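Bear in mind that the values in this text are calculations on the coordinates, not laboratory data. Bear in mind that the values here come from a model prediction, so they are computed numbers and not experimental data. Quick reminder, even Gly has a Cβ in these numbers, built from the backbone with ideal geometry, and neighbours come from all protein chains shown.
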Amino acid sequence: MTPIPAVVPPLPRARTWKRNVAPAAALDWLSAGWRDFTIDPAASISYGVLVFLVSVVTVVGLFALRWDYILLPAFAGFMVVGPIIGIGLYEKSRRIAEGRSVNLWQMVYVRPESGGQVLFAGVLLFLLTLLWMRAAVILYALFFGLRPFPGPDRIIPMLFTTEIGWALLLIGSAVGGVFAAFAFAISAFSIPMLLTERTDALTAMGTSMALVWHNMPVMLTWAAIMLVLIVIGIATGLLGMIVIFPVLGHGSWHAYRTMRPET
C-alpha cells in the first residue's frame, strides 16, 4: 500500500492594509477629481444639478412639514449618505480610466458588480443618518428641555450666546464626530468597492474601515478637504454643490483606486 504523505494546510497570510500613502496624496485625488470633472463636464454638471435639486426639495419639504429643527442634523447627515449618492460619479471615473464613453444616463442607471448589495449598503447608511438625527434631537431636548425649536434664524444666537448653547455645541460636536468618523470609515471605499467587485455590503464596509484605520494620516487629510468643501457648498445656498459634489465624487474614486490597487 502506497503511503499518503501528510499535507499541512498553509497558514492564512495576514492581509496588509497599510499603503504608505503620504497625506499630500489627498490633494492629488482632488486634482484627479477635477480632471475627470472637466472631461465631458456636462455629464458631471448635470449630475450635480440633480443632487442640488434633490437637496432643495428636501430642505423645502422639511420647512413645509415643520421639521426645520432637524435641518442642521440633516445637512450633517448628507455627508453620511453622500457616498451612495455619488455612485454615478464613480462610474464616470471608471469609464474614463477604461477609455470608454460616458453620458448622464449611464451615470444614473448604474449596474454595480455586487448587484443589490449596493442598495443594502445604502439602507444601512440611511439608517445611520436617521439615528444621528434622532440623537441630535435628543441632545437638544437634554440641554434646552421641551422648549420649542426657535427657528433657523434664532438658533444660531441661542447656540453661540448662551452657556447652555456652548455646552450643546461641545457635546453635540463630540457625539457628531463619533457618528461622522464611523460613517466615513465604513463608506469611504465600500461603495466604489461594491461598484467594481462581486462582494457583500458588510465585507465592503469592513474593508473600507480597515483601509481607513491603517492609513489614518492621508484619510484624515482627505476627510478634512471634503468637510471644508461641503461646508462651502452649503454656505453658497447649495449652489456650490453643483460643482463641488461631482469633483469630490470623482476624487473619491481615485482615492479608492490608490488604496485598493490590487483589484
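If you place +1 on the Cβ of every Lys and Arg and -1 on the Cβ of every Asp and Glu, how big does the dipole about the Cα centre of the range 25-258 come out, in debye to the nearest 20?
180
For the range 25-258, what does the equivalent ellipsoid look like in terms of its semi-axes, each the square root of 5 times an eigenvalue of the Cα gyration tensor, given largest first in whole Å?
Value: 32, 19, 17 Å, ordered largest first.
Please give the net charge around HIS254, taking every other residue with its beta carbon less than 11 angstrom from that of HIS254, where Lys and Arg add +1 and Asp and Glu add -1.
My count for the surroundings of HIS254 gives +1.
In a Gaussian network model over the chain where Cα atoms closer than 10 Å are linked, find which of VAL102, VAL110, VAL60 has the largest mean-square fluctuation.
Of VAL102, VAL110, VAL60, the Gaussian network model singles out VAL60 as fluctuating most.
Which one, GLY206, VAL81, VAL57, is farthest towards the positive end of the dipole of the range 25-258 when Lys and Arg carry +1 and Asp and Glu -1 on their Cβ?
VAL57
In the range 68-149, which trypsin sites (Lys or Arg not before Pro) are in a loop and have at most 13 other Cβ atoms within 10 Å, using DSSP for the loop call?
Of the trypsin sites (Lys or Arg not before Pro), the ones in loops of the range 68-149 whose Cβ has at most 13 other Cβ atoms within 10 Å are ARG100.
For the range 73-200, calculate the relative contact order in percent as a whole number, restricting contacts to Cα pairs under 8 Å that are 6 or more residues apart.
42
Kyte-Doolittle mean at least 1.0 and Cα extent at least 30 Å along the axis: which DSSP H helices of the chain qualify?
41-64, 117-144, 163-187
Might you report the magnitude of the Cβ-based charge dipole of the range 86-153 about its Cα centre, with Lys and Arg at +1 and Asp and Glu at -1, to the nearest 20 debye?
80
Listing TYR109, TYR256, TYR69 from the residue with the fewest other Cβ atoms within 10 Å to the one with the most, what is the order?
TYR109, TYR69, TYR256
Relative contact order (percent) for the chain, with alpha-carbon contacts under 8 angstrom and 6 or more residues of separation?
Relative contact order comes out at 37 percent.
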